[in-house]
1. Does any residue in the stretch 1-25 that is in the same structural domain as Ile38 (by TED's automatic domain parsing) come within less than 9 Å, Cβ to Cβ, of a residue that is in a helix (DSSP H, G or I) and surrounded by fewer than 10 Cβ atoms within 10 Å (Cβ to Cβ) six or more places away or on a different chain, and which pairs are these?
2. Give all pairs with beta carbons closer than 7 Å in which a residue from the stretch 77-89 that is within 18 Å of Arg37 (Cα to Cα) meets a residue that is acidic (Asp, Glu); count only pairs at least 6 apart in sequence or on separate chains.
Amino acid sequence: MGKIITKEEFDRIKLMGSLKTSVIAHLTGRGKSTIDRIKQANDWDDYKAIKLTAHKAPKTQKEPSKQTEMPLHMHDDNLLLMIADSIEINNTLMNGVVAKLDAICKALGV
């Protein structure tokens, strides 16, 4: 984990809320996920609660759990778009790896 966000830094980032997440991340040196959590928070206490939820270690469950609702900060469209973009990038990279492996197999006559 990186350096802890202070209330003063939280307030400064909150003031930049109209900028794109990537721009704020570049200006502050903070990660995009941190900026997204700050943008989602209503105030400092809300940010601490969101951060705590995001960093909790998953508990092992002994019995099957009922379907739970996603925390409020997980409903953010930006987060879902970032996840979708990451999946698309990973798929593109994997397609490149498969194409190279295919070419190697053909060259070897396999």
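The values are calculated or read from the model by the stated rules, or taken from the named source; none is laboratory data. Small disclaimer: the values here were computed from a predicted structure and weren't measured. Here Cβ is always computed from backbone atoms with ideal geometry, including for glycine, and neighbour counts include all displayed protein chains.
1. Once the first residue is in the same structural domain as Ile38 (by TED's automatic domain parsing) and sits in the stretch 1-25, its partners that are in a helix (DSSP H, G or I) and surrounded by fewer than 10 Cβ atoms within 10 Å (Cβ to Cβ) give Met1/His55.
2. Asn78/Asp36; Leu79/Asp36
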